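Chemist: Below you will find the structure I want to go over with you.
The values are calculated or read from the model by the stated rules, or taken from the named source; none is laboratory data. Note that the coordinates shown come from a computational prediction; the quantities given were computed from them, not determined experimentally. Positions of Cβ are backbone-derived with ideal geometry, glycine not excepted, and every protein chain shown enters the neighbour counts. Quick note on the areas: whole protein, heavy atoms, side chains included, nothing else; ligands and nucleic acids left out. Shrake-Rupley method; radii C 1.70, N 1.55, O 1.52, S 1.80 Å.
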Amino acid sequence: RRQRALLCAVLLAAWEAAWGQLRYSVPEEMPKGSFVGDVAKELGLQLLELSNRGIRIVSEGTTQYFALHGKTGHLVTAERIDREQLCRLVEKCVLRCELIMEGQMQVYGIEVEIIDINDNAPSFRQAEKDLRLSETTVPGSRFPLAEAHDPDSGRNSLQRYELSGDGHFSLAVQAGPGGDQRPELVLAKGLDREEVAFHELVLRASDGGDPARTGTARIRVTVLDANDNAPVFSQAEYTVRVAEDVPVGSVLLTVTATDADEGLNGQVEYSYHKISDRASELFYLDSETGEISIKDDLDFEEISFHELEVQAHDVGELSDTAKVVITVTDVNDNVPKISVRSALSEISEDAPLETVVALLHVQDRDTGANSDVRCSLSGDLPFRLEKSFDDYYRVVTARELDREQAAFHELVLRASDGGDPARTGTARIRVVVLDANDNAPVFSQAEYTVRVAEDVPVGSVLVTVTATDADEGLNGQVKYSLKKKKSSSQIFHLDSDTGAITLLRSLDFEEGDAYEMDVQASDGGTLYDTAKVVITVTDVNDNAPEI
């Protein structure tokens, strides 16, 4: 029944056609292959078009959480999604990807909101806590307790606390500045160490799921002799700004608290009272000196703001708390990344202007001027770069291509940010120019003249005409033909492949002393050239006088 309810929670968001956006929502922890949305229906595509148009889903990062089902056109989950792992610091968890239509060089943005389910129980960082209280502690005194943590959101997150034990203590819950619940242990009746030296309590935290999940922490209160002064911090809030490239081990600040008591009762120790899991991995607090230092690399792009609470306590467990606010500032530590979403490897030299050659995505994870990216295309090439959609660019033809001048082009794309110094990312695309039949054959000379004796043997090559074509393949293959002149065609033969003109029968100066013919050279298309051939016959003494 719970699974059916989760499946029913899948909501389709409206497609904002003006911006090319698709929005959906899906509960977390759904099995791989679960339905997210009907992309084909939203875009008005027939199922046959899904394969013909080369449609695919892409997203930044190494893990692809969504895929397009080729047979149904549905957007489905490609991995099991854990909302708390992906968006542990974000109230609204949205994953983004793009749908690329290679055949049309189009891109659509897709946003999928991950809906929380109650898959986590509240938990305490410390399952057991020891409190040491003086027997002179005044009834009504309050002692802050560690808060429980529940990574779920909304009603599935932490909702209430309960305390069980004996009648000496009660529970009060205060609202923090951010609306969080802060449990406090309240002394309801005076303590008497000689009567009861230890008190065992259980603090229970519950969320609002159905059914609810709970977590517990055990509290052991040890009753001590009097310690009537609590530590006091020098200030209620400490703030510091630090660049994200500060070396590990650097000291950010030192918190200081003093205790008016003497001896062991005046010795102060420091500890974290409230801190996130990630902040505990980044910052180290020296329990004796109060120094807060860096123990792991900071990353502005991951988390830019940390708020934690530090507690100073003496041996009698009297304490004071102070807030520490750490702001991480951005440095230009990310190179702009150019991703080639789609590209043509070949293009015909007769392709029209504005033909799209490549679709690119440019991203810089920095902020401010460090993320202001300028894109350019290097060299004097017949292409230009233009903005397409959001962070997408496309490369289009800017002037006519000519394979005979350049058989291919190496495109070098650069993306530079506004940092100082600037960082630059590059990408290379090789485009091969395919031949089109745009060149006619050309004879080596417009007129060929040759003088031959009338007794030249039959079968002799009298002259060879030559024409060349700058195109390649079939477009560059030249064939020769003799324009129809009956007298010439009976005497001479033109080889269509080599251009050689040979003698078919004997010449006779007395019958004809000159011959003219037009030769045509044609390529594999419809282009041709013509040349004139003039053959002059010279007399030899082949006739005896007649009386």
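Chemist: Are any residues in the stretch 427-444 buried (at least 19 other Cβ atoms within 10 Å of the Cβ), modelled with pLDDT of 90 or more and over 32 Å from the mean Cα position of the chain (by Cα), and if so, which ones?
Modeler: Within the stretch 427-444, 441, 443 meet the criteria.
Chemist: Could you grab me the full set of residues in the stretch 278-302 that are crowded, with 17+ Cβ neighbours inside 10 Å, within 33 Å of the chain's Cα centre (by Cα) and of a type in the set (A, V, I, L, M)?
Modeler: 282, 294, 298
Chemist: Here is a check on your reading of the model: is residue 380 open to solvent by 30 Å² or more (accessible area, probe 1.4 Å), out of contact with any Ser or Thr (no Cβ under 9 Å at 6 or more places or on another chain) and touching a residue at least 12 places away in the same chain (Cβ under 8 Å)?
Modeler: For residue 380, the condition - open to solvent by 30 Å² or more (accessible area, probe 1.4 Å), out of contact with any Ser or Thr (no Cβ under 9 Å at 6 or more places or on another chain) and touching a residue at least 12 places away in the same chain (Cβ under 8 Å) - is not met.
Chemist: Looking at (1) assigned to a strand (DSSP E or B); (2) surrounded by 15 or more Cβ atoms within 10 Å (Cβ to Cβ), can you tell me which one residue 403 breaks?
Modeler: (1)
Chemist: Return yes when residue 350 is touching a residue at least 24 places away in the same chain (Cβ under 8 Å), out of contact with any strand residue (DSSP E or B) (no Cβ under 6 Å at 6 or more places or on another chain) and assigned by the TED database to the domain that holds residue 422 and no when it is not.
Modeler: The answer is yes for residue 350.
Chemist: Let me ask another. The conditions are (1) open to solvent by less than 30 Å² (accessible area, probe 1.4 Å); (2) modelled with pLDDT of 90 or more; (3) within 49 Å of the chain's Cα centre (by Cα), and residue 250 fails exactly one of them. Which is it?
Modeler: So residue 250 meets the others, but not (1).
Chemist: So, one more: Name the strands (runs of 3 or more DSSP E) wholly within the stretch 31-137 that hold at least 1 residues that are touching a residue at least 60 places away in the same chain (Cβ under 8 Å) and of a type in the set (Phe, Trp, Tyr)?
Modeler: Answer list for the stretch 31-137: 106-115.
Chemist: Would the stretch 155-177 turn up any residue that is acidic (Asp, Glu) and touching a residue at least 60 places away in the same chain (Cβ under 8 Å)?
Modeler: The answer is no, given that none of the residues of the stretch 155-177 is acidic (Asp, Glu) and touching a residue at least 60 places away in the same chain (Cβ under 8 Å).
Chemist: List pairs: first residue in the stretch 430-458 and without any contact (Cβ under 8 Å) to a residue 40 or more places away in the chain, second residue surrounded by 12 or more Cβ atoms within 10 Å (Cβ to Cβ) and in a strand (DSSP E or B) anywhere in the structure, Cβ distance under 8 angstrom, at least six positions apart or on different chains.
Modeler: Taking only residues 6 or more apart or on different chains, the pairs are 444/467; 444/468.
Chemist: Also, I was wondering about something else. Checking residue 48 against (1) modelled with pLDDT of 50 or more; (2) farther than 12 Å from residue 75 by Cα; (3) open to solvent by 60 Å² or more (accessible area, probe 1.4 Å); (4) in contact with a strand residue (DSSP E or B) (Cβ under 7 Å, 6 or more places away or on another chain), only one condition comes out false. Which one?
Modeler: So residue 48 meets the others, but not (4).
Chemist: Another question, then. Looking at (1) in a loop (DSSP other than H, G, I, E, B); (2) not assigned by the TED database to the domain that holds residue 282, find the lone condition where residue 317 falls short.
Modeler: In the conditions (1) in a loop (DSSP other than H, G, I, E, B); (2) not assigned by the TED database to the domain that holds residue 282, residue 317 misses (2) alone.
Chemist: Confirm whether residue 188 is small (Gly, Ala, Ser), outside the structural domain of residue 312 (by the TED database) and touching a His at 6+ places or on another chain (Cβ under 8 Å).
Modeler: Answer is yes for this residue.
Chemist: Of all residues in the stretch 330-351, how many are polar (S, T, N, Q), in a strand (DSSP E or B) and loosely packed, with under 15 Cβ neighbours inside 10 Å?
Modeler: Summing the residues that are polar (S, T, N, Q), in a strand (DSSP E or B) and loosely packed, with under 15 Cβ neighbours inside 10 Å in the stretch 330-351 gives 1.
Chemist: If you don't mind, another one. Among residues belonging to the stretch 499-547 that are open to solvent by 80 Å² or more (accessible area, probe 1.4 Å) and under 60 Å from the mean Cα position of the chain (by Cα), point out the one that is nearest to residue 450 (Cα to Cα).
Modeler: 528
Chemist: Within the stretch 100-145, restricting attention to residues that are within 29 Å of the chain's Cα centre (by Cα) and either surrounded by fewer than 17 Cβ atoms within 10 Å (Cβ to Cβ) or of a type in the set (Asp, Glu) (or both), which residue is nearest to residue 74 (Cα to Cα)?
Modeler: Looking at the filtered set, the residue picked out is 111.
Chemist: So if I check each of 424, 367, which one is under 14 Å from residue 335 (Cβ atoms) and open to solvent by 30 Å² or more (accessible area, probe 1.4 Å)?
Modeler: 424
Chemist: Now, a different point. Would you check if there is a residue in the stretch 198-213 being in contact (Cβ under 8 Å) with a residue 24 or more places away in the chain, acidic (Asp, Glu) and surrounded by fewer than 19 Cβ atoms within 10 Å (Cβ to Cβ)?
Modeler: yes
Chemist: Could you tell me whether residue 488 is of a type in the set (Ser, Thr, Tyr), under 60 Å from the mean Cα position of the chain (by Cα) and within 16 Å of residue 462 (Cα to Cα)?
Modeler: no
Chemist: Something else about it: Could you identify the single residue in 19, 15 that is among the aromatic types (Phe, Trp, Tyr), at pLDDT below 90 and surrounded by fewer than 12 Cβ atoms within 10 Å (Cβ to Cβ)?
Modeler: Going through 19, 15 in turn, the sole match is 19.
Chemist: While we're looking at this one, here's another question. Looking at the stretch 224-247, which of the residues that are over 25 Å from residue 316 (Cα atoms) and among the hydrophobic types (A, V, I, L, M, F, W, C) is surrounded by the most Cβ atoms within 10 Å (Cβ to Cβ)?
Modeler: 242
Chemist: Have a look at 300, 283 and point out the one that is more than 30 Å from residue 264 (Cβ to Cβ), in contact with a strand residue (DSSP E or B) (Cβ under 7 Å, 6 or more places away or on another chain), among the aromatic types (Phe, Trp, Tyr) and in contact (Cβ under 8 Å) with a residue 40 or more places away in the chain.
Modeler: Of the residues listed, the single one that is more than 30 Å from residue 264 (Cβ to Cβ), in contact with a strand residue (DSSP E or B) (Cβ under 7 Å, 6 or more places away or on another chain), among the aromatic types (Phe, Trp, Tyr) and in contact (Cβ under 8 Å) with a residue 40 or more places away in the chain is 300.
Chemist: Scan the stretch 60-84 for residues that are at pLDDT below 85, out of contact with any Pro (no Cβ under 9 Å at 6 or more places or on another chain), under 25 Å from residue 302 (Cα atoms) and open to solvent by less than 80 Å² (accessible area, probe 1.4 Å) and jot them down.
Modeler: Those that are at pLDDT below 85, out of contact with any Pro (no Cβ under 9 Å at 6 or more places or on another chain), under 25 Å from residue 302 (Cα atoms) and open to solvent by less than 80 Å² (accessible area, probe 1.4 Å): 60, 61.
Chemist: Step by step: first the residues of the stretch 352-364, then only those that are assigned to a loop (DSSP other than H, G, I, E, B) and at pLDDT 90 or above, then the one that is least open to solvent (accessible area, probe 1.4 Å). Which residue is that?
Modeler: So the residue we want is 355.
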